[in-house]
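What follows is a single structure, written as structure tokens, with notes after it.
FYI, it's all coordinate maths here, none of it is from the lab. Fair warning: this is a prediction, and the values are worked out from it, not measured in the lab. All Cβ positions, glycine included, derive from the backbone under ideal geometry; neighbour counts span all protein chains shown.
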Amino acid sequence: MTTHPLLAPITRKAPWAALAVMVAAAFMDLLDGTIVEVGLPSIQRSLHVNGAGLQWTVSAYTLAFAVLLVTGSRLGERFGGRRSFLAGLAAFAACSAAVAAAQSPAMLIGFRAAQGAAAAVMLPQVLTFIQSEFEPGAKPKAFALYGMILALAGAAGPILGGVLIDANPAGLGWRAIFLVNVPVGIAALAFGARMIPESPPDRTKRLDPVGTLVLVAALVALFYPLIEGRQLGWPTWSIVILAASVPLLGVFVLTQARDRGQAAAPLVDLGVFRSRATTAGLGIGLILFGSTSFFFVLTLHLQDGLGYSALHTGVTFVPFSIGIILGSAAAAPLGQRFGRAAIAAGAAAITLTLASLLVVVAHYGTALHSWQLVPSLALTGIAFGVISGALADIVLGQVPARLAGSASGVVSTITQLGGVVAVTVTGAIFFGTLGNHPHPQTFVHATTHSLWYLTVSCAAAAIGCTLLPAPARSRRLSLSLAEAAADPRLPPGEHARRPPMVAVRAPQRGVAQGPALERAVMQPPGCDIRVQLASLSVSGHPW
């Protein structure tokens, strides 16, 4: 079978043109994550979605993305980055159209999960492309471009979502925020098929389908009854399924621990958890990366409780996006100089700013204005930006070089699951307080109760920072990890197996970054350390 000349890949490599196409597709995905929050009240009214359905609308995407991210990276290695990227992009555009056409909450949630799965296949290939196709001197510029796109998506999502919903083009309402992905996806597919160079597949790369399926079953058994149980009055079946999640997680651990020879590569090397500091850091990340679930409850409070428009709500959230950009820019120097003190200070700052947000919402009640939220949102964004940029360094600095790939995959998955856990808990508190016949004042109470949970949990995370390593030790181990990664004496498989993450950052100053972007490390040719996306999705937000 011959390939149509318009779809045939170009023979010469054009990394910047190809990167522009891939970054445009990544922007579409990242925008979709931030845009959905503003549309939740409109979706609720249109499809008659209950509180649990709104939680799933956000969490289904994040859960699918978290579970399949490592698998998506390995698919790119096994079948080629170009092919995997285009397949993921096509699936994402198709799922976006399906979400926009959803006629029931079940259809909406199912296609949102499919969107997350498609993104898990597509996004890792962008970072792999930068690492493999750009010369060492050009990589910082490529990563800076990607960081800038992350920042723009984070800032533009709420505003664009508000504009589309309020403009109501062709009477589409909230459906327009998903349909906007379709023409972008089609254009990216057309140009990507021409511009993205082929990458040779490595058929020796193994997947772990059994481990993936068991993990999916365990997490669904955990989160499904927690989200649906409150809405249904905690029927017996919900308790049984919730209890079943424990042995399922045990089975997953067994599947990862057993020696499978050459049959498959496990999703997780359990040696990652042997370090107390690493385990503590993952627990801290689980809490702190879920702290921005306040967007979930605050969006509902502002629109349903106070009558804000979607655009008004989107503009209200802009200070947080700007704060994250500023905090991310300072993350590298602060993390390298102060280590765990920077994380502890960031966690304490998030605790205080969430407490201030709670006080503002409670004090002004139904007379709340957007400008009264600006200081709390901006400072929370700055603190979160520092943490998202520095925590991965400290956690990954505690593992041996041979475990760097598995550890970085665990860090990414944990940060995604943090959002799911937080939306599950805050949603239960919010809707439980709201009751069946809410009025503006009950929205105030529901929001403040949810913020109490987030404030207390972040305070616990700040205290837990004492378990992280001291600055000098963290820097020394991070440097040794970088040196080991570049050591040609390591077996080739130790470099090649790493998912799209990075264990260390170079102290580059003045490089524009997005809030989820770790600074790229200048590596010798052939070294496969990749960029760590510390917060690809926060409660559905790839900030």
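For the stretch 287-292, in order, what is each residue's ³J(HN,Hα) by Karplus, 6.51 cos²θ - 1.76 cosθ + 1.60 with θ = phi - 60°, in whole Hz (x at glycine and Pro)?
7, 5, 6, x, 5, 7
Multiply the residue gap between Val374 and Val253 by 0.36 nm, knock off their C-alpha separation, and tell me the result in nm, one decimal place. Mind dumping the intermediate values first?
Numbers: separation 121, 0.36 × 121 = 43.56 nm, distance 4.41 nm.
Gain in length upon complete extension: 39.1 nm.
For labels at Glu198 and Thr442 in the simple 7 Å Cα→Cβ model, what's the distance in nm?
Going by the 7 Å Cα→Cβ label model, 6.3 nm.
Step through the residues of the stretch 123-138 one at a time and calculate ³J(HN,Hα) from phi using the Karplus curve (6.51 cos²θ - 1.76 cosθ + 1.60, θ = phi - 60°), rounding each to whole Hz and writing x for Gly and Pro.
Once θ is set to phi - 60°, the couplings for the stretch 123-138 become 5, x, 5, 5, 5, 4, 4, 4, 5, 8, 9, 9, 5, x, x, 8 Hz.
What FRET efficiency would be calculated for the residue pair Met107, Thr466, taking the C-beta separation as r and a Förster radius of 45 Å, to the nearest 0.05?
Values: r = 47 Å, r/R0 = 1.04.
So the FRET efficiency works out to roughly 0.45.
So for Arg112, Arg82, fewest C-beta neighbours within 10 Å to most, what's the order?
Values: Arg112 27, Arg82 22.
So the residues, fewest neighbours to most, are Arg82, Arg112.
At 0.36 nm per residue, minus the direct Cα-Cα distance, what do Thr279 and Arg45 gain on full extension? Give it in nm, one decimal, please.
Values: separation 234, 0.36 × 234 = 84.24 nm, distance 4.19 nm.
Residue separation times 0.36 nm, minus the Cα-Cα distance, leaves 80.1 nm.
State whether the stretch 188-317 is rounded, prolate or oblate according to the following rule on the C-alpha gyration tensor (a ≥ b ≥ c being the square roots of its eigenvalues): a/c under 1.5 gives rounded; otherwise a/b larger than b/c gives prolate, and the remaining case gives oblate.
On the way: a/c = 2.01, a/b = 1.24, b/c = 1.62.
Taking the square roots of the gyration eigenvalues as a ≥ b ≥ c, the stretch 188-317 is oblate.
Can you give me the C-alpha center-to-center distance between the stretch 190-260 and the stretch 439-457, rounded to a whole angstrom?
31 Å
Within a Cβ distance under 12 Å of Ala310, other residues only, what is the Lys/Arg minus Asp/Glu net charge? Working shown, then result.
Details: positive: Arg45; negative: Glu37, Asp166, Asp304.
Computed value for this residue: -2.
For the stretch 358-421 and the stretch 267-325, write down the distance between their C-alpha centroids in whole Å.
Their Cα centres are 6 Å away from one another.
Fewest to most neighbouring Cβ within 10 Å: what's the order for Met122, Met28?
On the way: Met122 27, Met28 24.
In order of increasing Cβ crowding within 10 Å: Met28, Met122.
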